[in-house]
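Student: One structure follows; several queries about it will come next.
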Amino acid sequence: MPKKLAYLMGAIAITVFFLAPALYSQTDMTHVIEDAYPSKERPPSVFPHDEHTYEIAEEFDLDGMSDCYFCHHYDGPDQDHMDMSVGIPCSDCHPVDPVDPDVTALTMAYHELCKGCHIQEKAGPIACGECHVR
Amino acid sequence: MHTVYIFLTGPMVWVSLLILVFGLIGKFIYLTSMAKKRDPWIFNYFQFKYAIKSILIWLVPFATMNMRRNPVMTVVTFVFHICLIIVPIFALAHVIMWEEAWGISWWTLPETVAVTMSFLVLGGILFFIIRRMKLPEARYVTRVQDYFILLIVALPFLTGLLAYYQIFNYQLMIILHVAAGHIMLIAIPFTWLSHLLLFPMLRGYVGSEFQGVRNVKDW
């Protein structure tokens with residue numbers, strides 16, 4: 001193997017190694033981008049993803065749960081279910097306008113998750129325009 | 001911010017609603033007991049069919065002679081009152097807050113429609129202010145508190161629009177908006193805003209006398 005090719009492959013391997021976590025974190029995510037809404041009445045909610053993962057990992061004792069599960073839950077009607085829903089769009093389980101009244105609608109799911117935690121922790125935005133910034 | 005906002009959108013809602021409801025019930029009892037002393041005969045000739053007929057006719061634009069005589073005022077006042085009542089009940093952000101708090105949800109206005117209707121409310125208030133200043137017969141019966149209640153009604157809509165467009169400090173504006181709404185609800189039983197109760201009472205009273213006793217229309 002020529003030396004040059006070995007260096008190149010080494011460089012690629014190192015790059016992939018260091019970039020891999022970036023695929024799983026959402027470093028560049030600043031807003032909730034949700035395509036499920038037929039029309040958008042308000043601007044998308046501000047949401048710096050990694051500030052939240054950092055806080056959650058630091059602040060909360062999750063009892064052996066995965067950090068991601070804190071928001072990316074996947075329990076549905078079965079409350080013992082502890083799988084994560086990372087990578088699954090929220091709207092797959094929480095439709096904008098659910099037929100089943102027991103299913104939390106998409107907007108309410110977001111609001112309960114974000115606002116609920118912010119109220120409980122007495123930190124973070126809770127009024128409409130604090131998240132839906134123009 | 002957190003504590004004030006949570007208090008104003010939480011426990012304070014019950015305070016305002018209780019003052020509104022019991023204030024109006026108290027006012028109704030006070031006025032009927034006054035009528036028993038000053039005009040007890042109304043209880044003999046009061047009739048619901050005449051009361052309801054009078055109320056309904058006075059709720060239809062241009063159905064009364066007075067409305068036909070003042071067409072501009074009629075259009076402005078109907079548009080104003082319809083917008084004033086519809087916007088707070090069907091504004092998207094309000095319905096979402098009710099759904100979060102009580103789990104009840106209903107039909108909502110598109111945001112642009114709610115914004116337009118809010119501007120119409122403010123335009124109506126401006127019209128009423130100018131009318132009270134310029135029209136001699138209106139100026140003659142205008143007191144300071146008549147301008148004051150126009151201000152009380154204007155503030156929730158003005159702050160609501162500023163909060164919607166996020167002009168000035170949003171956090172301050174949203175708190176002012178909620179506070180202004182509470183002031184308006186609490187002021188209803190104690191100011192002329194109580195005409196939401198006095199209108200049907202007055203129409204029932206006048207309607208029963210005119211239609212039932214004098215045999216004439218009261219519209």
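Student: Return the sequence-ordered ³J(HN,Hα) values of the range B:23-30 in whole Hz as given by the Karplus equation 6.51 cos²θ - 1.76 cosθ + 1.60 applied to θ = phi - 60°, using x for Gly and Pro.
Tutor: Values, residue by residue: x, 5, 4, x, 5, 4, 5, 4 Hz.
Student: Which value, in debye to the nearest 20, describes the size of the charge dipole of the protein assembly as shown about its Cα centre when Lys and Arg Cβ atoms bear +1, Asp and Glu Cβ atoms bear -1, and nothing else is charged?
Tutor: That gives the protein assembly as shown a dipole magnitude of about 3580 debye.
Student: Say each of B:Leu59 and B:Val15 gets a label point 7 Å from the Cα, pointing the same way as Cα to Cβ; how far apart are those two points in nm?
Tutor: So the label points at B:Leu59 and B:Val15 sit 3.3 nm apart.
Student: Quick one: if you stick a label point 7 Å off each Cα along the C-beta vector at B:Leu24 and A:Val86, how many nm between them?
Tutor: 5.4
Student: For the range A:27-131, with the dipole built from +1 on Lys and Arg beta-carbon atoms and -1 on Asp and Glu ones, taken about the Cα centre, which of A:Pro125, A:Cys93, A:Ile56 lies farthest toward the positive end?
Tutor: Farthest along the dipole direction, towards plus: A:Pro125.
Student: In whole Hz and in residue order, list the ³J(HN,Hα) couplings for the range B:174-187 that follow from phi through the Karplus curve 6.51 cos²θ - 1.76 cosθ + 1.60, θ = phi - 60°; x for Gly and Pro.
Tutor: Once θ is set to phi - 60°, the couplings for the range B:174-187 become 5, 5, 4, 4, 5, 4, 4, x, 4, 4, 5, 4, 5, 6 Hz.
Student: Order of A:Glu112, A:Glu34, B:Glu137 from fewest to most other C-beta atoms within 10 Å?
Tutor: Fewest-to-most ranking of A:Glu112, A:Glu34, B:Glu137: B:Glu137, A:Glu112, A:Glu34.
Student: Still on this model: If you average over every viewing direction, what projected area does the convex hull of the Cα atoms of the range A:27-131 give, in nm²?
Tutor: 7.4
Student: Still on this structure, please answer the following. Can you pull the mean other chain C-beta count within 10 Å for peptide B:95-108?
Tutor: That average works out to 2.
Student: How high is the relative contact order of chain B? Use alpha-carbon pairs under 8 Å, at least six apart in sequence, and give a whole percent.
Tutor: Averaging sequence separation for qualifying contacts and normalising by length gives 34 percent for chain B.
Student: Give the long-range amide H neighbours of A:His31: residues separated by 5 or more places, or on another chain, with amide H under 5 Å away, using H modelled in the peptide plane at 1.01 Å from N.
Tutor: Under 5 Å from the amide H of A:His31 lie the amide H atoms of A:Phe47, each far enough along the sequence or on another chain.
Student: A further question follows. Which entries in A:Lys40/A:Lys115; B:Lys49/B:Lys134; B:Lys36/B:Lys134; B:Lys53/B:Lys134 show an alpha-carbon gap greater than 30 Å?
Tutor: Too far apart for the 30 Å limit: B:Lys49/B:Lys134; B:Lys36/B:Lys134; B:Lys53/B:Lys134.
Student: May I pose another question? Could you sort B:195-205, B:9-19 so that the peptide with the highest average Cβ count within 10 Å comes first and the rest follow in order?
Tutor: B:195-205, B:9-19
Student: Now, a different point. Over the whole of A:121-134, what's the average partner chain Cβ count within 10 Å per residue? Rounded to a whole number, please.
Tutor: Averaged over the peptide's residues, the number is 5.
Student: Moving on to the next point. Lysines near A:Lys122 by alpha-carbon distance under 23 Å, same-chain residues fewer than 8 away left out - which ones?
Tutor: Of all the lysines, none pass the test against A:Lys122 - Cα under 23 Å, at least 8 places apart if same chain.
Student: Then there is this: Just to confirm a number: summing +1 for Lys and Arg and -1 for Asp and Glu over residues other than A:Pro38 whose beta-carbon lies under 15 angstrom from that of A:Pro38, what do you get?
Tutor: Net of charged neighbours comes to -3.
Student: Residue-wise, which Karplus ³J(HN,Hα) couplings in Hz belong to the range B:102-118, taking 6.51 cos²θ - 1.76 cosθ + 1.60, θ = phi - 60°, and x for glycine or proline?
Tutor: 10, x, 10, 9, 9, 3, 10, 7, x, 4, 5, 5, 4, 5, 4, 5, 5
Here, each number is a calculation from the coordinates, and none is a lab measurement. Here the structure is a predicted model, which is why all the values come from computation and not from measurement. A quick note on method: Cβ atoms are made from the backbone with ideal geometry, for glycine too, and the neighbour counts reach across all protein chains shown.
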